[in-house]
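So the structure is just underneath, and the comments pick up after that.
Please treat every number below as a calculation from the coordinates, not as lab data. All figures in this text were calculated on a predicted structure; none of them were measured in a lab. Cβ: placed from backbone, ideal geometry, glycine included. Neighbour counts: every protein chain shown.
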Amino acid sequence: MGTSDSEMLYHICGRIAYPVKPPVGTVRLVFFRSFTILFTLLTLILTYLSLVLQPWKIESVGERALEFGVWQICKFDFDDPPIIQCFTKFYQDAEEDMWFQAFRYMMLTGAIIQLVNLIAMIALTTFKSDKYKKPWPIFSYGFLIAGALSFVALVLFDIEFEFAFAEDARVLMDWTEETDIEEKLGYVYILAWPTVGLVWINSYLCYYTKCIEDNYNERGIHFKLLENRQLRKDHNTGFLENGNENNNGHL
């Protein structure tokens, strides 16, 4: 790697770590605060959709299928007439399978962290003045942890894809060990991966907004110091002028 490449890499890393340079105006501050809140809302919606929608996994034989979600398994029979039934009882045995409990509650904990962050963002931005320093670093760490929890949950799901504890659901379908079952990933599982990426992007957005706010406050302090300095200068100038006038009067 040449010197120019090293300098470019150093410059890029520096811009990521310290992304904002003063001056920062009020419009830019309000824009990034609003954008971060809206982005948080988007990632929260996608996260909760991945919790409540299904399928995460599909098992099918001919016109019959099982769809696995986070909270229930649904049976689909596309004969005439079609039959759709959903059950939670098959997950009762999952209490003995720790990976599924870990997967489910890590996803849920990540979603709760995002929700708490969003509520705190809206409350502090709405009801606190611009002079109040918002806890953006806490929000950033919160999203970082939420993304990590979801990432580990997805890796667990991928490793334990067989759902071995759900044999009773397969028995309900009259499937046996000899049945040739087609297994495939559901669209919700596929959607969950980019959602994790968005949560981590949200973490950096909070850090970026924190840098914006810090520079805005520094700019305000700088202008205040200049204003005070100018006032003192004007005061001293006026005092000298008054003194000169008094001296001229005595003469």
Ranked list, fewest to most other Cβ atoms within 10 Å of each Cβ, for 33, 64: 64, 33
Peptide ranges 82-92, 34-44 listed from the most packed, as the mean C-beta count within 10 angstrom indicates: 34-44, 82-92
